[in-house]
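Asker: My questions will all concern the structure given below.
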Amino acid sequence: MKLKWAETTHQQMGTVAHVVGNVLVDGFHYLALFAIGGAIVWSAVVAFLGMAAKGHASIDDILLLFIYLELGAMIGIYFKTNHMPVRFLIYVAMTALTRLLIAEAQAHHDSPATGIVVVSGAILLLALATLVIRYGSAKFPSRQSDGRD
């Protein structure tokens, strides 16, 4: 009975530690998101200025801008929902492989290269992975810890 104050103090300390911990983790989370977003914008601007200085944009340059766009969208979605959309990572990988495929095709104008087949197969596997993920999320939706869908 005399230790009731100790139990109350222990619960209050736990509550304070929980709140302070959440503030620190969320603060780091938002700081990191802003830093990553800033780095993406900075890289995209530098790439765009390089295209402008060159006087034209190749398909490789345009695909690079799409990669920056997809990364920015992924950061925006993560900022709003606190969930990392795995599909966006796959889209970034597919776009990067498409850039590689175009570079490979331009390097080997006359002779067929096995690299083209390998990169095309990798893109196909990523497309199938996206299909599986979309089917799985539609057929078996996940539930949030607070009961939301």
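The values are calculated or read from the model by the stated rules, or taken from the named source; none is laboratory data. As the structure is a prediction and not an experimental result, all values here were calculated from the model. We place every Cβ from the backbone using ideal geometry, glycine too, and count neighbours over all the protein chains shown.
Asker: State all residues of region 75-87 that are more than 15 Å from residue 131 (Cβ to Cβ) and outside any loop (DSSP other than H, G, I, E, B); if no residue qualifies, say none.
Answerer: Matches in region 75-87: 75, 76, 77, 78, 79, 80, 81.
Asker: Determine which member of the set 24, 101 is in contact (Cβ under 8 Å) with a residue 12 or more places away in the chain and over 15 Å from the mean Cα position of the chain (by Cα).
Answerer: Sole residue among the options that is in contact (Cβ under 8 Å) with a residue 12 or more places away in the chain and over 15 Å from the mean Cα position of the chain (by Cα): 101.
Asker: Would you mind finding the one in 35, 53 that is closer than 22 Å to residue 99 by Cβ, modelled with pLDDT of 90 or more and either among the small types (Gly, Ala, Ser) or out of contact with any Gly (no Cβ under 8 Å at 6 or more places or on another chain) (or both)?
Answerer: None of the others qualify; the one that does is 53.
Asker: Looking at region 27-75 only, could you name the residues that are of a type outside the set (Phe, Trp, Tyr) and closer than 12 Å to residue 95 by Cα?
Answerer: Correct list: 59, 60, 61, 62, 63, 64, 65, 67, 69, 70, 71.
Asker: Which count do you get for residues in region 37-68 that are surrounded by 15 or more Cβ atoms within 10 Å (Cβ to Cβ) and either of a type in the set (Phe, Trp, Tyr) or in contact (Cβ under 8 Å) with a residue 24 or more places away in the chain (or both)?
Answerer: Count: 9.
Asker: Right, next: Give region 69-78 a look and list any residue that's touching a residue at least 40 places away in the same chain (Cβ under 8 Å) and either in contact with a Cys (Cβ under 7 Å, 6 or more places away or on another chain) or loosely packed, with under 14 Cβ neighbours inside 10 Å (or both), or say none.
Answerer: none
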